[in-house]
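Below is one structure, written out as C-alpha cells; comments come after it.
The values are calculated or read from the model by the stated rules, or taken from the named source; none is laboratory data. It should be emphasised that the depicted structure is a prediction, and the values quoted were computed from it without experimental measurement. With ideal geometry, Cβ positions are generated from the backbone for all residues, glycine too; neighbour counts draw on all protein chains shown. All accessible areas refer to the heavy atoms of the entire protein, side chains included, with ligands and DNA or RNA removed. Shrake-Rupley method; radii C 1.70, N 1.55, O 1.52, S 1.80 Å.
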Amino acid sequence: MDIEELSSVAVLGAGIMGSGIAQIFAQTGFEVWLYSRTEETLQNAIKKIEHNQETLVANNALSPETAREALRRISTTTDLVEAVDGVDLVNENLPEQLELKQEVFENLGEISLPETLLTTDTSGLSITEIAERTSHPGRVAGMHWWNPPHIVPLVEIVRGESTTDQTVKTLYTLLEKLGKKPVVVKKDVPGFIGNRLQSAIFREILYLLENEVAEPEDIDVVMKYGPGFRYSAIGPVQTMDLAGLDTVVSVSDYLFKEHDRSTKPNRLLKKLVKEGKLGAKTGSGLYEYTEEALARIIRERDEKFIQVLRNNREDQEH
Ligand SMILES: NC(=O)c1ccc[n+]([C@@H]2O[C@H](COP(=O)([O-])OP(=O)(O)OC[C@H]3O[C@@H](n4cnc5c(N)ncnc54)[C@H](O)[C@@H]3O)[C@@H](O)[C@H]2O)c1
C-alpha cells in the first residue's frame with residue numbers, strides 16, 4: 001500500500017503505549033480506532049490523551065485546535081472486528097505474551113483487508129513467530145515505540161523473516177510523516193536494538209546496586225550527566241571512534257571480564273517484586289514515591305523531553 005493511501009489506523013490495547021500512539025496518529029490527521037477489552041480502560045486512555053495534550057499545549061508544542069480535532073478523530077471500541085474493519089494499518093499494543101499476540105495476529109489475518117499493514121509494538125518478541133499464523137505475513141512488521149510514545153522520537157521497524165521490502169519502506173515513510181525517527185532493524189533478534197542496549201545497562205546497574213558500589217541517585221547522575229549527555233549529541237558507535245579504537249581495545253581487555261554475566265533476572269529486583277515494591281505504580285521500588293512527587297516527576301520529564309525535541313528541531317533547521 002502506498003503512503004498517500006494510508007488514512008486510518010486501529011490501535012489495539014489502550015494502556016501505557018496504546019493511548020499515546022493513538023494520540024500521535026490522530027494529531028497527524030489519521031482516523032483512529034482505539035480498541036481494548038473494557039470501556040473503563042478506553043475512558044482512562046482518553047483521559048490520559050487529554051492530559052498529555054494539556055502538557056503539550058501548555059509548552060506551546062501543540063495548538064489547542066489541533067488537540068481538539070485530534071480527539072474528535074479517535075473512536076473507541078471493545079469490538080476487535082469493528083476496530084479493524086477497512087483500516088489501512090493496525091498497531092498492536094496488547095500485553096507482552098507471545099501466545100496472545102499470535103492469536104490476535106491470526107485473527108487479524110482473517111478480519112483485516114489483505115493489504116492492511118499489521119504491526120506489533122512488542123518490546124522484543126520474535127516478529128516471525130508473532131506472524132506465524134497470519135495470512136499474507138509479508139505485511140507484518142515490528143513497530144516498536146518508546147514510552148511516552150507521543151513524545152519520544154525513536155520507533156524501531158523490525159523485519160520478520162517474511163516482511164516485504166515494500167512494508168518496511170511504507171512504514172518508514174509513514175513514521176517520518178508522524179514526525180518520528182524510524183530505524184530499520186534488519187534481523188529479528190530478541191530485544192531488537194534499543195532494548196538489547198537498555199537491558200545490558202540495567203543488568204550492570206543492578207549489579208552495582210546489589211554490590212553497594214553507589215547510591216541509585218548517583219548512578220542516575222552518572223548516566224544523565226556523563227554517557228547520556230554525550231549520547232544525545234553523538235551516538236556510542238561514534239564515541240568509540242572519537243575515543244580511539246586502540247583505547248577501546250585496552251579498556252575492553254581488563255573490563256569486559258568484570259561485567260555482570262547473569263542470565264537470570266537480578267536477585268535484588270526479584271526481592272523487591274516479591275515485597276510488592278513494583279516501582280512508581282506501587283509508590284516504592286528502587287526509589288520511594290508519593291502520589292504528588294510522581295505527578296511532578298512525570299510532568300517535569302515530559303517538559304524536559306519537549307524542550308529537547310524543540311532544541312533538536314531548531315538544530316536541524318540551522
Ligand atoms: N510500557 C512500555 O514502556 C513499552 C514500551 C515499548 C513497547 N511496549 C510493549 O507494548 C505492549 C503494550 O504494553 P503497555 O505497557 O502499553 O501495556 P498495558 O498493560 O499498559 O496495556 C495493555 C492494554 O491491553 C489491554 N488488554 C490486556 N489483555 C487484553 C486482551 N486479552 N485482549 C484485549 N485487550 C487486552 C489492556 O486492557 C490494556 O488496554 C507490550 O507488548 C509491551 O511490551 C511497552
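How big is the gap, in Å, between the Cα center of the stretch 116-164 and the Cα center of the stretch 288-306?
Answer, in whole Å: 30.
For the stretch 3-185, what is the relative contact order in percent, using Cα pairs closer than 8 Å and at least 6 residues apart in sequence?
After rounding, I find 20 percent.
What angle do you read, to the nearest 10 degrees and between 0 and 90, between the alpha-carbon axis of helix 291-317 and the longest principal axis of the chain?
In the chain, helix 291-317 runs at an angle near 80 degrees to the longest axis.
With a cap of 15 neighbouring Cβ atoms within 10 Å, and only residues DSSP puts in a loop, list the chymotrypsin sites (Phe, Trp or Tyr not before Pro) found in the stretch 211-318.
Within the stretch 211-318, the qualifying chymotrypsin sites (Phe, Trp or Tyr not before Pro) (loop, at most 15 other Cβ atoms within 10 Å) are Y287.
For the chain, what does -39500 (n - 2.57) per DSSP helix run (n ≥ 4), summed and divided by total residues, give at 222 nm, in deg cm²/dmol to the nearest 500?
-16000 deg cm²/dmol
log10 I(q)/I(0), Debye, Cα-only the stretch 125-191, no solvent, q = 0.12, 0.23, 0.28 Å⁻¹?
Relative scattering, expressed as log10 I(q)/I(0), comes to -0.29, -0.95, -1.20.
Which Rg and Dmax, in Å, describe the Cα atoms of the stretch 151-226?
So, for the stretch 151-226, Rg and Dmax equal 17.1, 50 Å respectively.
Rounded if a/c is under 1.5, else prolate if a/b is larger than b/c, else oblate: which is the stretch 70-175, with a ≥ b ≥ c the root eigenvalues of its Cα gyration tensor?
Note, shape of the stretch 70-175 comes out rounded.
Write down Rg/Rh for the stretch 241-313, rounded to two decimals, with Rg from the C-alpha atoms and Rh from the Kirkwood relation over Cα pairs. All intermediate terms of the calculation are to be shown ahead of the outcome.
Working: Rg = 19.5 Å, Rh = 16.4 Å.
Using only Cα positions, Rg/Rh for the stretch 241-313 is 1.19.
Can you tell me which aspartates and glutamates have their Cα less than 13 Å from the Cα of K257? Leave out same-chain residues fewer than eight positions away.
Result set, ordered by chain and number: E204.
Distance from the Cα centre of the stretch 31-50 to that of the stretch 51-87, in angstrom?
Between the Cα centre of the stretch 31-50 and that of the stretch 51-87, the gap is 10 Å.
Over the stretch 194-263, what per residue volume does the convex hull of the Cα atoms give, in whole Å³?
Considering the Cα atoms of the stretch 194-263, their hull volume per residue is 105 Å³.
Can you pull the accessible area of M240 for me, 1.4 Å probe, Å² to the nearest 10?
Roll a 1.4 Å probe over it and M240 shows about 90 Å².
For a test of the definition: using alpha carbon positions, the gyration tensor, and the 1.5 limit on a/c, classify the stretch 3-185 as rounded, prolate or oblate.
prolate
Quick one: of K101/K169; K48/K187; K187/K264; K47/K304; K177/K304; K47/K271, which pairs are farther than 26 Å apart, Cα to Cα? It would help to have the intermediate numbers written out before the result.
Values: K101/K169 24 Å; K48/K187 34 Å; K187/K264 24 Å; K47/K304 22 Å; K177/K304 23 Å; K47/K271 34 Å.
In this structure, K48/K187; K47/K271 exceed 26 Å between Cα atoms.
Take the solvent-accessible surface of the protein heavy atoms, probe 1.4 Å, and return the percent of it on the stretch 3-185 that carbon and sulfur atoms account for.
Summing carbon and sulfur atoms, their accessible area is 49 percent of the total for the stretch 3-185.
Per residue, how much accessible area does the chain have with a 1.4 Å probe, in Å²?
Heavy-atom accessible area per residue stands at 58 Å².
Taking the Cα centre of each part, how many Å lie between the stretch 247-275 and the stretch 180-217?
The stretch 247-275 and the stretch 180-217 have Cα centres spaced 11 Å from each other.
Would you list the P(r) distribution for the chain, with all Cα-Cα distances sorted into 20 Å bins from 0 and each bin expressed as a whole %?
28, 58, 14
For H144, H259, give the ranking by accessible area with the largest first, probe 1.4 Å. Before the final figure, lay out the partial values.
On the way: H144 10, H259 70 Å².
From most accessible down to least: H259, H144.
Using a cut-off of 17 Å between alpha-carbon atoms, which aspartates and glutamates can reach K281, once sequence neighbours fewer than 8 places away in the same chain are excluded?
The reachable aspartates and glutamates, counting only those whose Cα sits under 17 Å from K281, are E291, E292.
Could you sort 26-37, 72-83 so that the peptide with the highest average Cβ count within 10 Å comes first and the rest follow in order?
The densest-packed peptide leads the list: 26-37, 72-83.
Pairs of Cα atoms under 8 Å, at least six residues apart: use those to get the relative contact order of the chain, whole percent.
So the answer I get is 13 percent.
Name the GluC sites (Glu not before Pro) in the stretch 259-318 that are in a loop by DSSP and that have at most 13 other C-beta atoms within 10 Å, would you? Please list the in-between numbers first.
Values: sites: E275, E288, E291, E292, E300, E303, E314, E317; in loops: E275.
Loop-located and lightly packed - E275.
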